[in-house]
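Heads up: the structure comes next, in structure tokens.
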Amino acid sequence: MKHAALFTPIDMGRITLKNRIVLPPLTRQRSAQPGDIATDLMATYYRQRAGAGFMVSEGTQIEPRGQGYAWTPGIYSQAQVDGWRKVTEAVHAEGGVIFAQLWHVGRVSHNALQPDGQAPVAPSAIQAQKVKAFIQTGPGVGELVQPSLPRALELAEIRDLVGQYAQAARNAIDAGFDGVEIHAANGYLVNQFISAHSNQRDDAYGGSLENRLRFLREIVDAVAAAVGADRLGVRFTPLFTGTDQDRVYIGLVEEDPHTTYIEAIKVLKAAGVAYVSIAEADWDNAPDLPESLRRDVRANFSGKILYAGRYTAERGERLIEAGLADLIAFGRPFIANPDLPERIANGWPLNPLDPATVYGGTEKGLTDYPTYSD
């Protein structure tokens with residue numbers, strides 16, 4: 001077997017994973033309409049990739065205001081829970097493990113996606129730049145648009161949102177997920193509270209780093225109380241930033257990202273969170289994550305550490321062997337190669353990704369990538 005370090009089992013919370021290869025959360029925009037409900041087609045997609053040590057679902061909004069892109073699934077209605085149950089049953093039938101990613105985009109949305117056409121919500125009324133939302137303009141068609149100006153959340157609304165994260169986590173467990181991941185990355189709502197660029201509040205949720213981490217801390221504690229810290233992960237993107245490309249994800253880079261995210265990771269450690277997921281910038285000429293940050297993540301976190309980015313099997317194996325990572329996520333390669341772990345283990349060539357079919361559509365580019373055959 002090639003890359004043996006990627007195939008050693010590992011305990012993560014209450015689960016033993018069969019390997020270290022992870023399918024990370026990947027937006028695919030194929031939920032059923034109306035209602036943003038997971039489908040049989042989505043169940044096939046995840047079932048095909050159940051050879052991963054574990055999978056994290058595409059981002060699934062915790063409430064209607066949490067949506068920033070047409071056709072992404074939710075996990076707040078009973079119909080959505082029932083739809084996801086078909087996915088988890090299909091994955092478990094193949095011996096797979098799957099977590100739900102709990103998502104709220106905050107200001108990275110548009111009035112057209114919001115209930116009654118209202119403004120998106122955010123920590124402060126600051127419009128998102130160098131990022132696009134995606135709205136439907138007709139049946140099965142849509143366009144990327146500049147996010148609308150958000151309104152600042154009231155204190156009572158923030159408390160309600162913490163409760164909605166906890167309820168979404170309970171919904172995920174009810175739907176059969178093995179755990180949940182809080183999306184605290186990519187410039188979305190939790191990241192907006194963490195970042196000094198998007199959070200200019202002067203109350204208990206703004207100003208100092210401790211205050212800007214309060215929303216994260218409260219959500220982590222509430223979700224841990226609801227479903228167990230050993231079934232919880234959190235995702236960060238310390239070095240993601242906006243670009244001038246039409247991208248559907250960004251991040252917010254702090255003046256001192258090292259201090260910001262080590263303090264955030266201490267929040268996770270205090271709660272006993274099962275894993276932290278750190279997504280690295282994955283575009284051309286993107287900044288590298290400093291080894292000093294990797295070492296401090298290891299020194300300050302007692303759970304499992306997952307890295308995602310433009311990883312090859314060789315690079316991922318080196319990070320595991322160096323003791324800096326426990327798990328490695330492969331995004332684009334796993335989209336195009338449903339049998340990716342087998343291909344890595346055997347040194348088989350990889351299918352190329354078709355970028356045109358990543359977002360939206362039907363089975364083309366979702367479930368029709370072939371497994372390897374001689």
>> Let's test the formula: R0 of 30 Å, r as the Cβ-Cβ distance of Lys269 and Arg159. What FRET efficiency results, to the nearest 0.05?
In response: 0.80
>> I'd like the GluC sites (Glu not before Pro) in region 91-173 restricted to DSSP loop residues with at most 12 other Cβ atoms within 10 Å, sorted by number.
In response: Glu94, Glu154
> Can you pull the three principal axis extents for the Cα set of the chain, in Å, largest first?
Replying inline: 59, 49, 40
>> Please compute the modelled spin-label separation between Leu350 and Thr371, points set 7 Å along Cα→Cβ, answer in nm with one decimal.
In response: 2.0 nm
> Ranked from the most accessible area to the least, with a 1.4 Å probe and all protein chains present, what is the order of Val141, Val121?
Replying inline: Val141, Val121
>> Probe radius 1.4 Å, ligands and nucleic acids ignored: give me the carbon and sulfur share of the accessible area of region 4-346 as a rounded percent.
In response: 47 percent
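What full-extension length gain, to one decimal in nm, is calculated for Lys2 and Val145 as 0.36 nm per residue of separation minus the Cα-Cα distance?
47.0 nm
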> region 354-369 to region 77-108: how many Å between their Cα centroids?
Replying inline: 19 Å
> How many nm separate the modelled label positions at Thr259 and Ala79, each set 7 Å beyond the Cα in the direction of the Cβ?
Replying inline: 4.9 nm
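Once you have the Cα-Cα distance between Asp288 and His92, take 0.36 nm times their residue separation minus that, and quote the gain in nm to one decimal.
67.0 nm
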> region 1-51: which chymotrypsin sites (Phe, Trp or Tyr not before Pro) are DSSP loop and have at most 10 other beta-carbon atoms within 10 angstrom?
Replying inline: none
> What is the calculated FRET efficiency for Leu324 to Lys130, with r their C-beta to C-beta distance and R₀ = 51 Å, to the nearest 0.05?
Replying inline: 0.95
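Any of Lys86/Lys364; Lys2/Lys130; Lys86/Lys130 with alpha carbons more than 31 Å apart? Name them for me.
Where the Cα-Cα span goes over 31 Å, the pairs concerned are Lys2/Lys130; Lys86/Lys130.
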> FRET efficiency for Arg332 and Ser208, Cβ-Cβ distance as r, R0 = 41 Å, nearest 0.05?
Replying inline: 0.60
> How many percent of DSSP beta bridges within the chain run antiparallel, rounded to 5?
Replying inline: 20 percent
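Skip the ligands, DNA and RNA, and give the accessible area per residue of the chain with a 1.4 Å probe, whole Å².
Computed with neighbouring chains in place, this is 38 Å² per residue.
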>> Students often forget the sequence filter, so: which lysines lie under 24 Å Cα-Cα from Lys266 once same-chain residues fewer than 8 apart are removed?
In response: Lys304
> Once fully extended, how much extra length lies between Arg310 and Arg14, figured as 0.36 nm per residue of separation less the alpha-carbon to alpha-carbon distance?
Replying inline: 103.7 nm
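The values are calculated or read from the model by the stated rules, or taken from the named source; none is laboratory data. Just so it is clear, the structure is predicted and the values come from calculations on it, not from any experiment. Positions of Cβ are generated from backbone atoms using ideal geometry, with glycine treated the same way; all protein chains shown enter the neighbour counts. Heads up: the accessible areas ignore ligands, DNA and RNA and are worked out on the full protein's heavy atoms, side chains in. Shrake-Rupley method; radii C 1.70, N 1.55, O 1.52, S 1.80 Å.
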